[in-house]
Amino acid sequence: MFTQKEASFTLEERECPRFVVPNSDGVGYYYFKQSAASLAELEKEFRNLTTADKFSFFNSIDAMFFDATLSTKETMSLLSPIHRIDERVLVGKQLDLLGFIRLHLLDKEQATRFAQFSRNLFSPFLKKLELGGKVLTENEKLLQRDLYRFLGIIAKEDISRRELMQNAPRYFDNAFNPNGAPVENPDLSSTILQVLLEEDGNDHFPSFMKNILSTRDPQLRRSLVDAISSTNKSSYVDEIQKQILSSSFRRNEVIPILLNQMDNSDTRELTWNWVLEHMEDISQIITEKGSGSLPYIGQKFCSHEWAKKVRNAFQDKVEQYPGGPRTLEEVVESIDLCANIAGIQQESARQFFSTLEPAQKAPPSST
């Protein structure tokens with residue numbers, strides 16, 4: 001139908017359609033744009049759309065948000081919980097967008113209202129996926145993991161964190177007691193253990209480190225490494241970085257640990273400065289083959305100033321490493337892109353979440 005960048009065609013309808021599906025079944029490799037009013041009409045038909053149609057819809061919502069075709073208010077009005085468990089991928093699309101907004105566009109003044117909005121948005125799912133409740137299918141377990149990681153770690157929503165802490169004793173016992181009772185959802189372990197460290201870590205951090213260094217259980221080790229490296233406690237960050245230099249962690253764990261520390265705004269610059277100071281040591285630990293991925297350490301920054309800093313920090317050092325120059329260009333481009341989006345949407349995002357009533361609910365679902 002389209003052979004050029006722009007084209008027009010006539011719909012063979014007797015009257016103007018109420019809604020249009022611009023990329024039926026998502027078969028086209030493109031995003032579409034419509035007005036907020038047209039998108040709202042399309043969303044009313046969600047129940048009758050295929051999963052591919054819905055995925056195309058949310059992909060295009062992302063694109064329209066990122067180029068400011070839609071304001072934050074308009075974008076948030078189009079988000080809605082997907083009530084079918086087998087459409088977990090659609091929830092993931094919304095979590096990605098909300099996570100970007102929280103990490104890069106908002107400050108602490110809007111954090112509480114953002115958390116409450118997110119909780120309300122996904123409340124229909126949370127009722128079905130109650131922690132410690134009914135036996136869940138594998139797909140339900142994955143969705144439970146995704147939602148509680150977002151709400152408990154990224155949004156830091158109080159109710160979700162209390163629920164995670166209420167279940168922490170059982171998960172802690174399962175992790176550290178060879179005879180501990182099995183838990184319902186092992187995929188939740190790293191999230192629950194991370195919240196435990198942040199809320200009550202002084203009593204538990206030594207046990208975490210001891211078990212990481214001694215366990216031969218790969219799933220347990222992965223959960224423990226993920227939990228300790230994602231915490232926002234600077235004292236834990238210092239100890240973990242000392243253990244990196246002493247080669248206590250496996251070489252393939254080093255970059256993921258540092259990426260987790262960079263994910264957290266409270267530990268980002270602390271980690272960045274440490275990486276700059278110890279870059280040669282890190283390169284020796286992860287070997288020349290792994291050192292080409294070092295620029296990824298800077299990918300969570302979101303300003304043009306930081307794009308320049310990241311380039312200056314790595315450009316002379318990664319030339320010798322396989323894939324290093326290409327990785328650096330990719331990271332700098334992503335930082336500049338993030339800065340561009342922040343430049344056009346930060347004010348809109350902060351205004352929307354600042355003006356929400358503290359108890360205001362998320363938009364009702366039309367699905």
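The values are calculated or read from the model by the stated rules, or taken from the named source; none is laboratory data. Fair warning: this is a prediction, and the values are worked out from it, not measured in the lab. For neighbour counting, all protein chains shown are included, and Cβ atoms are generated from backbone atoms with ideal geometry for every residue, glycine included.
Just one residue in the set 33, 54 is touching a Pro at 6+ places or on another chain (Cβ under 9 Å) and closer than 30 Å to residue 355 by Cα; that residue is 33. Is it true that residue 69 is in a loop (DSSP other than H, G, I, E, B) and within 27 Å of residue 337 (Cβ to Cβ)? In short, yes. Pull out all pairs, ordered by first then second residue, where Cβ-Cβ is under 7 Å, the residues are six or more apart or on different chains, the first lies in region 237-263 and is closer than 13 Å to residue 285 by Cβ, and the second is of a type in the set (Gly, Ala, Ser). Filtered contacts from region 237-263: 251/290; 255/290; 255/293; 257/229.
Residue-by-condition table, conditions (1) of a type in the set (Asp, Glu); (2) modelled with pLDDT under 90; (3) assigned to a helix (DSSP H, G or I):
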site: 91; (1), (2), (3): no, yes, yes
site: 97; (1), (2), (3): no, no, yes
site: 110; (1), (2), (3): no, no, yes
site: 116; (1), (2), (3): no, no, yes
site: 127; (1), (2), (3): no, yes, yes
site: 133; (1), (2), (3): no, yes, no
site: 141; (1), (2), (3): no, no, yes
site: 147; (1), (2), (3): no, no, yes
site: 150; (1), (2), (3): no, no, yes
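Applying the set (1) under 21 Å from residue 87 (Cα atoms); (2) out of contact with any Pro (no Cβ under 9 Å at 6 or more places or on another chain); (3) at pLDDT 85 or above to residue 44 leaves exactly one unmet item: (3).
Do you know which residues across region 331-343 are in contact (Cβ under 8 Å) with a residue 24 or more places away in the chain, under 14 Å from residue 299 (Cβ atoms) and surrounded by fewer than 20 Cβ atoms within 10 Å (Cβ to Cβ)? Matches in region 331-343: 334, 336, 339. Using the structure shown, decide if residue 318 is in a helix (DSSP H, G or I) and touching a residue at least 24 places away in the same chain (Cβ under 8 Å). Spelling it out, it is not the case that residue 318 is in a helix (DSSP H, G or I) and touching a residue at least 24 places away in the same chain (Cβ under 8 Å). Might you check whether a residue that is polar (S, T, N, Q), surrounded by 12 or more Cβ atoms within 10 Å (Cβ to Cβ), without any contact (Cβ under 8 Å) to a residue 24 or more places away in the chain and in a loop (DSSP other than H, G, I, E, B) occurs anywhere in region 35-58? Scanning region 35-58, I find at least one residue that is polar (S, T, N, Q), surrounded by 12 or more Cβ atoms within 10 Å (Cβ to Cβ), without any contact (Cβ under 8 Å) to a residue 24 or more places away in the chain and in a loop (DSSP other than H, G, I, E, B), so the answer is yes. If you check 96, 107 for being in contact (Cβ under 8 Å) with a residue 40 or more places away in the chain, under 20 Å from the mean Cα position of the chain (by Cα), closer than 21 Å to residue 264 by Cα and surrounded by fewer than 19 Cβ atoms within 10 Å (Cβ to Cβ), only one passes: 107.
The condition of being assigned to a helix (DSSP H, G or I) and within 30 Å of residue 42 (Cα to Cα) holds for only one of 260, 252, 340, 312, that being 340. Among the residues in region 271-294, are any free of Cβ contacts under 8 Å to residues at least 40 places away in the same chain and under 20 Å from residue 96 (Cα atoms)? The answer is no, given that none of the residues of region 271-294 is free of Cβ contacts under 8 Å to residues at least 40 places away in the same chain and under 20 Å from residue 96 (Cα atoms).
Residue pairs whose Cβ atoms lie under 8 Å apart, separated by 6 or more positions or on different chains, with the first residue in region 135-162 and within 17 Å of residue 121 (Cα to Cα) and without any contact (Cβ under 8 Å) to a residue 40 or more places away in the chain and the second among the hydroxyl-bearing types (Ser, Thr, Tyr) and crowded, with 23+ Cβ neighbours inside 10 Å, are 151/118; 151/160. Of all residues in region 303-314, those that are closer than 11 Å to residue 338 by Cα have Cβ atoms under 8 Å from Cβ atoms of residues that are not in a helix (DSSP H, G or I), 6 or more apart or on another chain, in 307/301.
So which of 284, 299, 320, 315 is within 25 Å of residue 68 (Cα to Cα) and not β-branched (Val, Ile, Thr)? Going through 284, 299, 320, 315 in turn, the sole match is 299.
On the stretch given as region 178-231, residues that are of a type in the set (Gly, Ala, Ser), surrounded by 15 or more Cβ atoms within 10 Å (Cβ to Cβ) and either under 16 Å from residue 248 (Cα atoms) or at pLDDT 85 or above (or both) total 6.
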